[in-house]
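First up is the structure itself, then whatever we jot down about it.
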Amino acid sequence: MNSMVKRLSLAAIGALVGVSMVSADNSELEKVMKERGLTQQDLLAAAKTYTPSGGRDKYIVFSSGGQSGQMLVYGVPSMRILKYIGVFTPEPWQGWGYDDDTKKILAEGKIRGKQITWGDTHHPALSETNGRYDGKWLVINDKANPRIAVIDLNDFVTKQIVVNPLFKSDHGGAFFTPNSEYILEACQYAAPLDNNWHPMSEYKETYRGGVTVWKFDPKIGRILPDKSFTIEFPPYMQDLSDAGKEASYGWGFTNSFNSEMYTGGIEKGLPPFEAGCSRNDTDFLHVYNWKKLAELAKDPKNVKVINGMRVVPIDVAVKNNALFLIPEPKSPHGVDVSPDGKYIVVCGKLDTHATVYSWDKIQKAIKNKDFVGKDPYGIPIIDMKKAMHCQAELGLGPLHNQFGKHWKKQGEIYTSLYVDSQVVKWNYLTCKVEDRQNVNYNIGHLCGMEGKTEDPQGDYIIALNKLAIDRFNEIGPLHPQNHQLIDIRGKKMQLLYDMPIPLGEPHQAVAIRASKLKPEVRYKMGTNPFTGKPHRGKTLAGQEHIERKGNHVYVYGTMVRSHINPEHVNVNLGDTVTFYLTNLERAEDETHGFTVDQYNVHASLEPGKTVALTFKADREGVFPYYCTEFCSALHLEMMGYLLVKDPNKHYVSAKKLKMAKMSKEQLEKEYEKIVATNKATDKVIQSVVKFLKENHYEKYPVVKQLVEDALDQYSKIPEQQKKAEEAYKKGDLEKAILFQNMVWQYMVKTADVGIRARDLLVKKLATPMSEAARRGHEAYLEGGCNGCHVIGKVSSGPDLVGVLQRHKNGEKWVKEWILHPEKMYNNPYIKSMTNYFNLRMPNQGMTEKQVDDIIEYLKWIDKNANLF
Ligand code: CUK
Ligand code: CUA
């Protein structure tokens, strides 16, 4: 345990976690600590990560979802998971892969015509401007099926998938260059670049690695395959990559782990890959000038086109001084360029060292031709000793690096040790180790806060551990992954939090300051998020209709709390059906979902979005469709029917059931009742509106937005009212009642949002509550006082505004009254009140302290009496 923390007094810890040091609370804190076996250091960690309801995180992490083929998003330091993003794999909640437009994106990931519905995601990367995260785009690779996906951070939705036409697997991607000009994607397992059969015996001749340099347009956030190219590499099994920056801008670095070019064959009695690939003491770091190669690739003379992609052959790259190799210790894994681009740090899985190369020295060696020779493919090999800055002895199995805030002067860097299960803090300028933190267990990547950019933020490191073993409750043989949050703000690292991740194996994660993300909360009405333009199926209120073209039925529908329009869709067996649906909501977070039972379609409709769902009505019958998000009190009613009829079948109609009908008088009565209810409800609405207007709601954007939504709902009433009255005039009372009910529905929705707006406005306008008043308010609610008392209004009990002024020695009087009401039942004033309300104040068994707090709350009410 950290000795500094050990010495902290309990009072100091209490103050730290915000518990006031009155003895009662202190003993409660002690009790909780004892019951849960918590140390003082645990409390400190809790205080550093606990985020009260409504609190926000400083950083947002985008983590690879590993074999789930998705991504996940969580906050730091709270470690609360905020979202899964469907990427290479269908994700039903978001409708990802279950509606037409998302199916189309997934289909972009088809390889040689085959749809692949999973992915092995490894390396997410955030787009950069001047080497710093700009919060606009996110990309990630799929190792198993070499593909890159682009996610739009305006709505956190995948917008593009591109397939690498040459590689059969990839790993060293995705890495942005400092201005997001390109994305580097290096091959992993060498294979023929064409799609033909080549025997293993011709490995050296016909198998190749490489790095694809994908052109990226940061304005539109799309990869441009036609402007992309690949640099051919020897079949060395390329691994991780990084783009140079500042001093080394324009260059790329990719390492490899099979310079032996071993081809395995365990089944033939040969040593397995693992032995053959680790025979040499060194492998090769590939150093290449992507900037120069991009220029060269523009000339058809310099490239050969394979599977539609331009490939710069090794000899062309070498001839133009754009490709070199540097030996690096045995079976390297991570390669990371320092924030100023002056150093390149390489870690080897089978070497206890991290090797720091100096970019200055590499350039000098290139200039002076300090080569120790050439590899079999003619690539010059730079003398390792001449390129090296220093080596740090770190421990067993160093894998990946992240830079800390004090990188410049103190060379602050963190490295994961897979075998030792540690994070090591060291100095890459001096190669001295400074601190170690055990993690649980077998860490792969580690994630610093913007820790690979030109502007590392420090604060935290997250250890992405492969094994959890004993860290969590047992849930069967498959354990969750374990992400551990480590505080690096002090001299010593402190482990703060374990987060189990029940999803794939997240290899790498990237963290960005939350303040840099500015996503939308709604789409422009009728938008197709994948084009950013109005959807071909965009339908506004009143435009709903069904259209038949041959045997294709198009439903132009809308969704809004709490109905789907249309509610009946009749088609013939064998028809193709397309549902176009637009969510007409403008309110934040009013998402609807849509499915047709048994047809394997689903869509998520965030406010303003239009979706399309196409399927063949290949089964006869009646299929309910409904909204799949609990969007309002009448969500269950948000439904309709698809009726699929076989046109070649003869149907016998059922006998009509005889049911009792309501008399005209009964209907009249019901009609009057609902009209009266509507009037009363409208009164409530008007009083809320008056309050909002008088208190200038428009000055508070969040309140204003709610009011706009409420008025939107309210504006639908006249039309329904008119329909009700017309039906009434025609004597169709049934219909008139239903339309009056619809009026009531809109009123309820208006009131619902309106009251939320009012409460928010009150909070904004009121003087802040003292801690005691806040406790008093809680005691008031927990005691059920609000069952009879409504602040600002006489209801089942008297209004409590001004109650402290109503009696002499008001505070004392009220306190006595709450503590012992029965003692005052015979008091004439109380008697008259009891008679009036026909209710007696019960003894709620409150403590004196609670009552004192309630009195503080009542004082706060009086101070803000104008708001009630
Ligand atoms: S990799 Cu998995 S621990 Cu794919 Cu970056 Cu190193
Ligand atoms: Cu819309 Cu439930």
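The values are calculated or read from the model by the stated rules, or taken from the named source; none is laboratory data. Keep in mind that this is a model prediction, so the values were computed, not measured. All Cβ positions, even for glycine, are placed from backbone atoms using ideal geometry, and neighbour counts span all protein chains on display. What goes into the accessible areas is simple: the full protein's heavy atoms, side chains included, and nothing from ligands, DNA or RNA. Shrake-Rupley method; radii C 1.70, N 1.55, O 1.52, S 1.80 Å.
Among the conditions (1) more than 26 Å from residue 397 (Cα to Cα); (2) touching a Leu at 6+ places or on another chain (Cβ under 6 Å), the only one that residue 360 does not satisfy is (2). For the stretch 381-400, the criterion of a residue being more than 16 Å from ligand 2 (Cβ to nearest atom), modelled with pLDDT of 95 or more, of a type in the set (Val, Ile, Thr) and over 22 Å from residue 444 (Cβ atoms) is satisfied by at least one position.
Do we find that residue 438 is buried (at least 18 other Cβ atoms within 10 Å of the Cβ) and either under 30 Å from residue 204 (Cβ atoms) or under 29 Å from the mean Cα position of the chain (by Cα) (or both) in this structure?
Details: buried (at least 18 other Cβ atoms within 10 Å of the Cβ): no; either under 30 Å from residue 204 (Cβ atoms) or under 29 Å from the mean Cα position of the chain (by Cα) (or both): yes.
For residue 438, the condition - buried (at least 18 other Cβ atoms within 10 Å of the Cβ) and either under 30 Å from residue 204 (Cβ atoms) or under 29 Å from the mean Cα position of the chain (by Cα) (or both) - is not met.
If you check 570, 600 for being more than 24 Å from residue 706 (Cβ to Cβ), assigned to a loop (DSSP other than H, G, I, E, B) and away from ligand 1 (no atom under 16 Å from the Cβ), only one passes: 600.
Residues that are touching a Cys at 6+ places or on another chain (Cβ under 9 Å) and crowded, with 24+ Cβ neighbours inside 10 Å are absent from the stretch 337-351. Pick from the stretch 141-158 the residues that are under 19 Å from the mean Cα position of the chain (by Cα) and open to solvent by 10 Å² or more (accessible area, probe 1.4 Å): which of them is farthest from residue 89 (Cα to Cα)? That would be 154. Is there a residue in the stretch 103-119 that is surrounded by 22 or more Cβ atoms within 10 Å (Cβ to Cβ), more than 30 Å from residue 577 (Cβ to Cβ) and more than 16 Å from ligand 2 (Cβ to nearest atom)? Scanning the stretch 103-119, I find at least one residue that is surrounded by 22 or more Cβ atoms within 10 Å (Cβ to Cβ), more than 30 Å from residue 577 (Cβ to Cβ) and more than 16 Å from ligand 2 (Cβ to nearest atom), so the answer is yes. Among the residues of the stretch 821-845, those identified as assigned to a loop (DSSP other than H, G, I, E, B) and loosely packed, with under 11 Cβ neighbours inside 10 Å are 826, 838, 845.
Quick check: anything in the stretch 765-778 surrounded by 15 or more Cβ atoms within 10 Å (Cβ to Cβ) and closer than 19 Å to residue 679 by Cα? No, there is no match, as no residue in the stretch 765-778 is surrounded by 15 or more Cβ atoms within 10 Å (Cβ to Cβ) and closer than 19 Å to residue 679 by Cα. A single member of 218, 192, 225, 272 is at pLDDT below 95 and either open to solvent by 50 Å² or more (accessible area, probe 1.4 Å) or touching a helix residue (DSSP H, G or I) at 6+ places or on another chain (Cβ under 6 Å) (or both), and it is 272.
Applying the condition of being open to solvent by less than 20 Å² (accessible area, probe 1.4 Å) and part of a strand (DSSP E or B) to the stretch 497-507 and asking which residue is modelled with the highest pLDDT yields 499.
Look at (1) under 40 Å from the mean Cα position of the chain (by Cα); (2) over 20 Å from residue 215 (Cβ atoms); (3) open to solvent by 10 Å² or more (accessible area, probe 1.4 Å) and you find that residue 251 fails only one, number (2). Scanning the stretch 315-352 for residues that are over 39 Å from the mean Cα position of the chain (by Cα) and at positive phi gives a single hit, 321. Might you let me know whether the stretch 512-533 holds any residue that is without any contact (Cβ under 8 Å) to a residue 12 or more places away in the chain, in a strand (DSSP E or B) and away from ligand 1 (no atom under 16 Å from the Cβ)? Scanning the stretch 512-533, I find at least one residue that is without any contact (Cβ under 8 Å) to a residue 12 or more places away in the chain, in a strand (DSSP E or B) and away from ligand 1 (no atom under 16 Å from the Cβ), so the answer is yes.
Per-residue answers, yes or no, for (1) open to solvent by less than 70 Å² (accessible area, probe 1.4 Å); (2) modelled with pLDDT of 95 or more:
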site	(1), (2)
5	yes, no
11	yes, no
21	no, no
25	yes, no
28	no, no
56	no, yes
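Okay, residues lined up against (1) open to solvent by 10 Å² or more (accessible area, probe 1.4 Å); (2) closer than 30 Å to residue 405 by Cβ; (3) small (Gly, Ala, Ser); (4) within 16 Å of ligand 2 (Cβ to nearest atom):
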position	(1), (2), (3), (4)
509	no, yes, yes, no
540	yes, no, no, no
547	yes, no, no, no
551	yes, no, no, no
554	yes, no, no, no
566	yes, no, no, yes
570	yes, no, no, no
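The lone criterion from (1) touching a Ser or Thr at 6+ places or on another chain (Cβ under 9 Å); (2) aliphatic (A, V, I, L, M); (3) farther than 20 Å from residue 44 by Cβ left unmet by residue 463 is number (3).
If we keep just the residues of the stretch 231-269 that are among the β-branched types (Val, Ile, Thr) and under 17 Å from residue 314 (Cβ atoms), which is nearest to ligand 1 (Cβ to nearest atom)?
From the stretch 231-269, those among the β-branched types (Val, Ile, Thr) are 231, 254, 263, 266; that's our starting set.
Next, from what is left, pick out any that are under 17 Å from residue 314 (Cβ atoms): 231, 254.
Details: 231: 20, 254: 12 Å.
Out of the qualifying residues, it is 254.
Those strands (runs of 3 or more DSSP E) of the stretch 373-453 in which 3 or more residues are under 28 Å from residue 62 (Cα atoms) occupy 398-403, 412-417, 422-427, 432-438, 443-449.
From 417, 429, 399, which residue is more than 21 Å from residue 480 (Cβ to Cβ) and within 16 Å of ligand 1 (Cβ to nearest atom)?
Numbers: 429 fails: within 16 Å of ligand 1 (Cβ to nearest atom); 399 fails: more than 21 Å from residue 480 (Cβ to Cβ).
Criteria check complete, one pass: 417.
The stretch 671-781 holds helices (runs of 4 or more DSSP H) entirely within its bounds, and those carrying 2 or more residues that are at pLDDT below 90 and within 28 Å of residue 863 (Cβ to Cβ) map to 701-714, 733-765. Is there a residue being over 25 Å from the mean Cα position of the chain (by Cα), more than 16 Å from ligand 2 (Cβ to nearest atom), of a type in the set (A, V, I, L, M) and surrounded by fewer than 20 Cβ atoms within 10 Å (Cβ to Cβ) anywhere in the stretch 462-469? Yes.
Considering only residues in the stretch 637-655 that are open to solvent by less than 60 Å² (accessible area, probe 1.4 Å) and not in a strand (DSSP E or B), the one that is farthest from ligand 2 (Cβ to nearest atom) turns out to be 646.
Taking the criterion of being of a type in the set (D, E, K, R) and over 25 Å from residue 312 (Cβ atoms), the residues of the stretch 368-421 that qualify are 383, 385, 386, 393, 405, 408, 409, 412, 420. Only one of the numbered conditions (1) more than 13 Å from ligand 2 (Cβ to nearest atom); (2) in a strand (DSSP E or B); (3) surrounded by 21 or more Cβ atoms within 10 Å (Cβ to Cβ) is violated by residue 623, and that is (3). Residues of the stretch 454-475 that are within 16 Å of ligand 1 (Cβ to nearest atom) and in a strand (DSSP E or B): 461, 462, 463, 464, 465.
Within the stretch 120-143, restricting attention to residues that are closer than 17 Å to residue 86 by Cα and outside any strand (DSSP E or B), the residue that is nearest to ligand 2 (Cβ to nearest atom) is 120. For the stretch 408-418, the set of residues classified as surrounded by fewer than 24 Cβ atoms within 10 Å (Cβ to Cβ) and closer than 18 Å to residue 491 by Cα consists of 408, 409, 410, 411, 412, listed by residue number.
Just one of the listed residues (628, 578, 614, 610) is assigned to a strand (DSSP E or B), under 24 Å from the mean Cα position of the chain (by Cα) and away from ligand 1 (no atom under 16 Å from the Cβ), namely 610.
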